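The values are calculated or read from the model by the stated rules, or taken from the named source; none is laboratory data. Please read these numbers as outputs of a predicted model, since none were measured by experiment. Glycine gets a Cβ as well: all are built from the backbone with ideal geometry, and neighbour counts include every protein chain shown. Only protein heavy atoms, including side chains, enter the accessible area calculation; ligands, DNA and RNA are left aside. Shrake-Rupley method; radii C 1.70, N 1.55, O 1.52, S 1.80 Å.
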Amino acid sequence: GLTLDPSSGIIRGTAPAVGTHRVTITATNARGSAAAEFRIVSGATLALTPPMGWNHWYAHYNRVTDALMRDAADVMVRSGMADAGYQYVSIDDCWMNAPQHSDPLRVGPLRDAQGNILPNTHFPSMRGLTDHIHALGLKAGIYTSPGRLTCAGFSGTLGHEEQDAKQFAAWGFDFLKYDWCSYTEVTGNNPDRAALRKPYEIMGKVLASQDRDIVLNLCQYGMGNVWEWGAAVGGQCWRTAGDLGFELDRIFEVALQNAEHRAWSGPGSWNDPDYIQIGYVGSAFTGGEPTPTPVPPRMQYVYMSLWSLMASPLFFSGDMNRLDPFTLNILCNPEVIEVNQDPLGQSAAMIPLDEETFVMVKEMEDGSKAVGFFNRDEIDRDLTASWSVLGLQGTHTLRDLWRQKDIGTAAGSLTYRVPARGVMFVRVRPLH
Ligand code: GAL
């Protein structure tokens, strides 16, 4: 039931029979030809590997428009991001109408006479938008809140859950971010776990009954240990904390907290420490126009290495119209992404070396391991991890993932000089 368009590489069609289908895909150009085996897995579980894509929030906030979304989709293909695996093009808050807003084109009736949710004037055709995204071989994401209003004060879903799920499916969306926001109006303060679960259970059920695969992304900032029950209510990924845009100077801390929930990571079940905010991003404090990210270059390698080792959803949330080669190099290193997308879905174990340094070890499906050596110190440091710390035996070959270079073999231990607030990211394979 599937066909491959040889010029674009896009596979289209209807999901094949439940099971694993192995296909060999060959790519040929003037420099030669390469073949690889792909597994097409069909079944009830969505998001078998961490979702990858782009979300508008940290670039465009309440300025988002249909044109910006279409541009982002075009750039995702043109820049090579799609080739690296980025796939979802996701609208965040502010596509609906608000009862009041500084932009009069975002103010209007929240719903029509039949109760259908209405996009604002900046979104003239939702179906046209998803058609555009799908024609590029990409998928489309949308956002709402179980509350009366979203966090930015736009129309939420309260009382219209089934109707909105149907509408999102009819519009052709493939991903829904469901953001708690004003839902505390319903639960009151300090809701218990049942009250925290309820809105997500409702949405999980109505999405599952649509004739469309729609990934459900829970956004409620980690309340009630959401990682323990997010999958049970029908979600595939859940934010484990508040907005990272307010904490870009605390990436290590936020990541290490997220890493504690590694037991709940696996196919169809992902801990989400929030978006990748590099390149040009607007400040979460002001919601202003994008400016260069406050994250220093070396920390950007750390950021992406941590997200890969933790099997986190990889959503870039910077300005797609101002991507530079450095940013694309961070986002699109195929060997780093391979660690993130490994089918085992393991989130790395964190092993402290001392107060300021640690390693993260991720077991990969092929029996190799991805290992990050992280230095949180303000000075360069020599980091050593022994085979017993890394869980290795015998001689291993070493591959530097960021530089994409083989760097010899080792037995017994590894030592690297890691720059201040930096990382050395390697993949180790048993030498046969
Ligand atoms: C926050 C959410 C952000 C963004 C924002 C939109 O609650 O964590 O990721 O969606 O709302 O208003």
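Across the range 117-134, rounded Karplus estimates of 3J(HN,Hα) from the backbone phi angles (6.51 cos²θ - 1.76 cosθ + 1.60, θ = phi - 60°) give 4, 10, x, 7, 4, 6, 10, x, 8, 5, 5, x, 5, 5, 4, 4, 5, 5 Hz, Gly and Pro being marked x. At a threshold of 8 angstrom on Cα-Cα distance, excluding pairs fewer than six apart, so keeping six or more, what relative contact order does the chain reach in percent? Computed value for the chain: 13 percent relative contact order. Of the residues 54, 402, 238, which exhibits the maximal mean-square fluctuation in a Gaussian network model of the chain defined by a 10 Å Cα contact cut-off? The residue with the greatest mean-square fluctuation here is 402. Excluding residues on the same chain fewer than 8 positions from residue 177, give the lysines whose Cα lies under 19 Å from its Cα. Here the lysines satisfying the reach criterion relative to residue 177 are 139, 166, 198, 205.
Extents of the chain, largest first, come to 71, 49, 40 Å (Cα atoms, principal axes, whole angstrom).
Taking Cα centre as origin and charging only the Cβ of basic (Lys, Arg, +1) and acidic (Asp, Glu, -1) residues, the dipole magnitude of the chain rounds to 660 debye.
In loop segments of the range 18-48 as defined by DSSP, the trypsin sites (Lys or Arg not before Pro) with at most 16 further C-beta atoms inside 10 Å of their C-beta are 31. For the range 275-358, the spread of Cα coordinates along the three principal axes comes to 38, 31, 21 Å, biggest extent given first.
The simple spin-label model puts a point 7 Å past each Cα toward its Cβ; for residue 36 and residue 118 those points are separated by 4.7 nm. Solvent-accessible area of the chain (1.4 angstrom probe, protein heavy atoms only): carbon and sulfur portion equals 51 percent. The Cα center of the range 391-432 and the Cα center of the range 286-356 differ in position by 20 Å. Per residue, the convex hull spanned by the Cα atoms of the range 19-127 amounts to 160 cubic angstrom.
At a Cβ-Cβ separation cutoff of 4.7 angstrom, cysteine residues of the chain with no neighbouring cysteine are 94, 219, 237, 332.
Here the Karplus curve 6.51 cos²θ - 1.76 cosθ + 1.60, taken at θ = phi - 60°, turns the phi angles of the range 204-219 into couplings of x, 5, 5, 5, 5, 8, 7, 8, 6, 7, 10, 6, 9, 9, 7, 10 Hz, with x standing for Gly and Pro.
First select every other residue whose beta carbon is under 12 angstrom from the beta carbon of residue 264; then total the charges, Lys and Arg +1, Asp and Glu -1. Surrounding charge for residue 264 is -2.
Probe of 1.4 angstrom, ligands and nucleic acids ignored: what's the accessible area per residue over the range 114-251, in square angstrom? Can you show the working numbers first?
Numbers: 5250 Å² over 138 residues.
Roughly 38 Å² per residue, with all protein chains present.
Per-residue ellipticity at 222 nm from helix content only, as computed over the chain with -39500 (n - 2.57) for each DSSP H run of at least four residues, stands at -6500 deg cm²/dmol. Consider a paramagnetic label point 7 Å from the Cα of residue 344 along Cα→Cβ; state which residues of the range 386-405 have an amide N under 15 Å from it. Residues passing the 15 Å test: 390-393. Taking the chain as a Gaussian network of alpha-carbon nodes connected by springs under 10 Å, the highest mean-square fluctuation of the residues 91, 133, 379 belongs to 379.
Filter the GluC sites (Glu not before Pro) in the range 224-301 to those in DSSP coil with at most 16 other Cβ atoms within 10 Å of their Cβ, and list the result.
For GluC sites (Glu not before Pro) across the range 224-301 that sit outside H, G, I, E and B with at most 16 neighbouring Cβ atoms in 10 Å, the list reads 247, 260.
Got a sec? Which residues in the range 35-68 would a label at residue 107 touch, if it sits 7 Å along Cα→Cβ and we count backbone N under 15 Å? Backbone N within reach: none found.
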